[in-house]
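Take a look at the structure below.
The values are calculated or read from the model by the stated rules, or taken from the named source; none is laboratory data. The shown structure was predicted, so the numbers you read here are calculated from the model rather than taken from an experiment. A quick note on method: Cβ atoms are made from the backbone with ideal geometry, for glycine too, and the neighbour counts reach across all protein chains shown. For accessibility, only protein heavy atoms count, side chains too; no ligands or nucleic acids. Shrake-Rupley method; radii C 1.70, N 1.55, O 1.52, S 1.80 Å.
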Amino acid sequence: MELACPQCAQVDQVQSVPAVFQSGQTTYRVQGGMTAVPAGDGVVYTATTHTGVSVTATAASLNPYPVLRGGGCFLTLALVLLIPAFVFLAFADDVLDENVAPTADGRVAQFIGASIFPFGAFALVALFAVLFVLRSRRNARIRRGIPDALEYWRQAWFCHRCGGVFFPRGDLMSAATFRGQVWRAGDYAGLTRRR
């Protein structure tokens, strides 16, 4: 199916948006130098490799959904910080039991002083737990919207000559405007402002 661009009225540089997006991604693998690693009585030679995906600016501007970001690091930090939080709490409890201040004001000050580290540690645990929950909700919202966004996204065409996107019998728009419409169709348009 050939469609003419609504701006330049040419068909030779028009391609479907999914095809432009796919052709703008290249998988690469880079082999590094050899490294000698001692092993037992001898040496083993290993080569380092790096594999990745290179994405053109045009393909990136036509991305049908935001990047899903992992939240496991937040959960791991929250769980790891629980250990010092409970250690600080036990230490604060011991300090309060062994060194009782003679006055009521002294006991209040002592309680506040002993509670600073446990409170701070538990506040960090709570912060990382909240960040994990927010990241999980964001990813779930993106996953729910992907089918609707892709359905809308697949109907569009890209003119390489004009650098814009259009729908059949529609006007040419910028890639940023098009991506905004696609992301609204997926109901995740506001996710890029909030992280």
Across region 25-57, which residue is surrounded by the fewest Cβ atoms within 10 Å (Cβ to Cβ) among those that are closer than 30 Å to L172 by Cβ and in contact with a strand residue (DSSP E or B) (Cβ under 6 Å, 6 or more places away or on another chain)?
V53
Give region 111-139 a look and list any residue that's closer than 26 Å to Y188 by Cβ and not polar (S, T, N, Q), or say none.
L127, F128, A129, V130, L131, F132, V133, L134, R135, R137, R138
Restricting to region 164-180, what's the tally of residues that are within 29 Å of the chain's Cα centre (by Cα) and touching a residue at least 60 places away in the same chain (Cβ under 8 Å)?
7
Can you tell me which of R143, R135 is assigned to a helix (DSSP H, G or I), open to solvent by 60 Å² or more (accessible area, probe 1.4 Å), touching a residue at least 40 places away in the same chain (Cβ under 8 Å) and on the phi < 0 side of the Ramachandran plot?
R143
Could you give every pair whose Cβ atoms fall below 6 Å, whose first residue belongs to region 1-12 and is over 11 Å from W157 (Cα atoms) and without any contact (Cβ under 8 Å) to a residue 60 or more places away in the chain, and whose second residue is surrounded by fewer than 14 Cβ atoms within 10 Å (Cβ to Cβ) and among the hydrophobic types (A, V, I, L, M, F, W, C), counting only separations of at least 6 or pairs across chains?
none
Consider C5 against the criteria (1) open to solvent by less than 70 Å² (accessible area, probe 1.4 Å); (2) outside any loop (DSSP other than H, G, I, E, B): it satisfies all of them except one. Which criterion is unmet?
(2)
